[in-house]
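Accompanying notes for the structure given below.
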Amino acid sequence: MCLRHGQRRIREPAALVLWLAVLLCAQAPSRAAAGEQLAGTQASSDWWKHAVFYEIYPRSFADTDGDGFGDLKGILSKIPYLRSLGVDAIWITPCFPSPQVDFGYDVSNYEDIDPVYGTLADLDALVSQGKQAGIRVILDLVLNHTSDRHPWFLDSRSSRGAKHRDWYVWHDGKDTRQPPNNWLSLFGGSAWSYDATTAQYYYHFFYPEQPDLNWRNPDVEAAMLDVTRWWYGRGIAGFRLDAVDVLFESPELTDNPVLPGTNKLGDPIEVDTYNRNLPENHRVLKDLRKVANDFGAVLVGETWTDDIAALKRYYGEHHDELQMPMDFMFTTVNRLSPPAFRKQIAAAEATGEWPVYLLGNHDMVRSYNRYGDGTHDDAIAKLMAAFYLTLRGTAIMYYGEEIGMQNNDPKVREDVKDPIGIKGWPKEKGRDGERTPMQWTDALNAGFTRDTPWLPIPASSVGHNVESESRDPGSLLSFYRNVLALRRSEPALREGAYHAINASDQDVMAYLRAAHDETILVALNMSDHRRRIQTDLHAHMRGPFHLLRLLSTPGATASGAAVSLPPFGVFLARVQRGS
Ligand code: GLC
């Protein structure tokens, strides 16, 4: 998760005859064609492979009851938008009853909806109307911990002999003032809190209000598997599994190694050797997958790792763990570097698995800011969309990236809502900035709410919103719609093999997507100056061919096998056999 990898706040032809045929406009298939395609992919059990997922932070998507917080009815009201955008599934971050210390990642009841977001009936309506629109719903399952207000924990802390005592991780301290060992909470301070009622410490990898469940207790696993069955029975298409790398801790409680220096929260820098990535995690994933298979469900994992072998292990040796472990490595590149991206794609491809790419989420600075240079931000956002949405793999979008939403970090500590921002201010401003309300219109509060929004909406919402961008064929939103429609209509983009071309170019990221007898060229200028490249196409094509433009940004042209790209320009073409 966010602080683990420090990615937040980083602003940081002689033999061949080649012909060119250029179409004047980007070709986007009609929605009717898209609908037919959707119906086709829906039937298949690996629908998720060809899907685009869209992450929704429900608190910030659309408010229908006027309390300043988004709700499920709000999401329901936006199904036509999601359909017109061209996504296949939505992942809703936790909307279960919760004291909201970590905005829903502290669950006090796994089988209901928090009143802030609505009712179970609203969720049922979302699932059924989503189904009619060809949009599946996946929920966010917080497995590692519950809220300290969950009845299981209330019972657990009540006495050493309580029924649920062993459902959580309790230990004696070294003494009453010293926790059992040096493990640190990701959110600051010791990972152990002393509980006077029973004179023991309980363990929490995150906030003290998020006590860790004891996954060594089979009753915990049985209860969680039942939770998944209960939701599958209601039509949920799968889960995004929260924090799956920290389910288990070493029972020996060995101190973690400590490195020199301190982190943004003022804590020593620790390597989570004994409380992260324990092999036992995989046993749980296998068990979750067995149940998911009974319901044809998909499991997406929050799998932070910078180790490609570890990422591969999450799929399971026999493809019996996660279908979709998230590859976060793009999000650590944070610069427009074709060599760095090529390296990562090659590594993901070498696993032989189906990759899962994303540019951002609710725990990291928005991609618009991370990749933008302050001058060409919209062009760069288009470039990044054309990039990750044309790679071989499943894509997960984060709400608002399609309209160029920017981070809106709190200006003063008093305004911060995310507790890590309060604790870490000013070095760590928390995650409010990337969680601001969706920008629908130019109107007051960006059309998100009729009341005061729970987080302030930036001035950049004027112009960067669904309504005004829908009117502009040159907008970022129109570009996203065109790329998503193209991905849906072109089998080569959905399932074709990836071949890097011009692989030593420092500025232009170019590759082919090839399926059956269809080949598509993607050329992306990641630099701020015009670049003309002679593509290596002849090495991949036998016989004559010509390029047929599918989608491009203004000023991008091709001639023969050469492509000329303006700063941050995009050019996608079908490589058509024959002269
Ligand atoms: C995950 C979530 C993050 C949350 C944490 C604790 O990393 O993405 O938002 O704070 O888990 O549940």
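How big is the dipole moment of the range 229-282 about its Cα centre under a simple scheme where the beta carbon of each Lys and Arg is +1, that of each Asp and Glu is -1, and everything else is neutral? Debye, nearest 20, please.
Here the range 229-282 has a charge dipole of around 500 debye.
Among Ser337, Ser84, Ser159, which comes first, second and so on when ranked by fewest other beta-carbon atoms within 10 Å?
Starting with the residue having the fewest Cβ neighbours, the order is Ser159, Ser337, Ser84.
Given +1 on the Cβ of Lys and Arg, -1 on the Cβ of Asp and Glu, and no further charges, what dipole in debye does the range 79-148 carry about its Cα centre, rounded to the nearest 20?
Approximately 460 debye in magnitude.
In the range 477-549, which trypsin sites (Lys or Arg not before Pro) fall in coil by DSSP and have 10 or fewer other Cβ atoms within 10 Å?
Within the range 477-549, the qualifying trypsin sites (Lys or Arg not before Pro) (loop, at most 10 other Cβ atoms within 10 Å) are Arg542.
Take peptides 429-440, 319-330, 62-73 and line them up by average Cβ neighbours within 10 Å, highest first, as a rough protection proxy.
Highest mean packing first, the order is 429-440, 319-330, 62-73.
Order 365-371, 409-415 from most to least packed using the mean count of other Cβ atoms within 10 Å.
365-371, 409-415
Taking amide hydrogens as modeled 1.01 Å from N in the peptide plane, which residues meet the under 5 Å criterion relative to Ala562, leaving out close sequence neighbours?
It is Thr535, by chain and number.
Can you tell me the length gained on complete extension of the stretch Ala350 to Gln178, counting 0.36 nm per residue apart and subtracting the Cα distance?
Computed gain between Ala350 and Gln178 is 57.3 nm.
Give the distance, in whole Å, between the Cα centre of the range 462-527 and the Cα centre of the range 191-231.
44
Which FRET efficiency value, to the nearest 0.05, is calculated for Ala539 and Ala340 with the Förster distance at 30 angstrom and r the Cβ-Cβ distance?
0.80
For the charge dipole of the chain, defined by +1 on Lys and Arg C-beta atoms and -1 on Asp and Glu C-beta atoms about the Cα centroid, which residue among Ser45, Val271, Asn181 has the Cα displaced farthest towards the positive pole?
Ser45
Which value at 222 nm does the chain reach when only helices count, each DSSP H run of 4 or more adding -39,500 (n - 2.57), with the total divided by all residues and rounded to the nearest 500 deg cm²/dmol?
Only helices count here, giving -7000 deg cm²/dmol.
Specify which residue in the list Val356, Gln344, Ser460 is farthest towards the positive end of the charge dipole of the range 339-463, using unit charges on the beta carbon of Lys, Arg (+1) and Asp, Glu (-1), about the Cα centre.
Most positive-ward Cα: Gln344.
Whose amide H sits under 5 Å from the amide H of Asp212, counting only residues 5 or more places off or on another chain, with H placed in the peptide plane?
Excluding prolines and chain starts, which carry no amide H, the hits are Val169, Tyr203, His204, Phe205.
Using 5 Å bins from zero, what percent of all Cα-Cα pairs in the range 473-553 falls into each bin?
Spelled out per bin, shortest first, that is 3, 13, 22, 24, 20, 14, 4, 1.
Calculated FRET efficiency, Ala497 and Asp124, Cβ-Cβ r, R0 60 Å, to nearest 0.05?
Computed FRET efficiency for Ala497 and Asp124: 0.90.
What whole number of Å gives the distance from the Cα centroid of the range 46-105 to the Cα centroid of the range 399-459?
16
Considering only Asn502, Pro437, Ala395, whose Cα is most displaced toward the positive end of the charge dipole of the chain, charges sitting on Cβ of Lys, Arg (+1) and Asp, Glu (-1)?
Asn502
Just check the range 345-484 against the gyration tensor rule for me: Cα atoms, a ≥ b ≥ c as the square roots of the eigenvalues, rounded for a/c under 1.5, and otherwise prolate or oblate depending on whether a/b exceeds b/c.
oblate
Residue by residue through the range 491-503, what is 3J(HN,Hα) from phi via Karplus (6.51 cos²θ - 1.76 cosθ + 1.60, θ = phi - 60°)? Round to whole Hz and write x for glycine and proline.
x, 5, 6, 6, 10, x, 5, 9, 10, 6, 10, 6, 6
Given the range 131-268 reduced to its alpha-carbon atoms as identical point scatterers, what log10 I(q)/I(0) does the Debye formula return at q = 0.15, 0.19 Å⁻¹?
One equal scatterer on each Cα of the range 131-268 leads to -0.80, -1.13.
Write down the percent of antiparallel bridges among all DSSP beta bridges whose residues are both part of the chain, to the nearest 5.
60
Nearest 20 debye, what's the magnitude of the dipole of the chain about its Cα centre given +1 on Lys and Arg Cβ and -1 on Asp and Glu Cβ?
Value, rounded to 20: 1720 debye.
Taking the radius of gyration and the Kirkwood hydrodynamic radius from Cα positions alone, what is the Rg/Rh ratio for the chain, to two decimal places?
Reported Rg/Rh (Cα atoms, Kirkwood Rh): 0.98.
Within 10 Å, count the other beta carbons around each residue, average over each peptide in 273-284, 133-144, and list them highest first.
By packing density, highest mean first, the sequence is 133-144, 273-284.
Please give the length that would be gained between Thr441 and Lys286 if that part of the chain were fully extended, namely 0.36 nm times their separation in residues minus their C-alpha to C-alpha distance (nm, one decimal).
51.4 nm
Could you give me the ³J(HN,Hα) list for the range 419-425, computed from phi with Karplus coefficients 6.51, -1.76, 1.60 and θ = phi - 60°, whole Hz, x at Gly and Pro?
x, 5, x, 5, 5, x, 4
By how many nm would the segment from Asp517 to Ser470 grow when fully extended, if each residue of separation counts as 0.36 nm and the alpha-carbon distance is taken off?
My answer for the length gained is 13.5 nm.
Would you kindly work out the equivalent ellipsoid of the range 304-355 from its C-alpha gyration tensor and give its semi-axes, the square roots of five times the eigenvalues, largest first in whole Å?
22, 11, 8
Values in this text are rule-based calculations from the coordinates and carry no lab data. Just so you know, these numbers come straight off a predicted model, no measurement behind them. Here the Cβ is made from the backbone with ideal geometry for all residues, glycine too, and neighbour counts use every protein chain on show.
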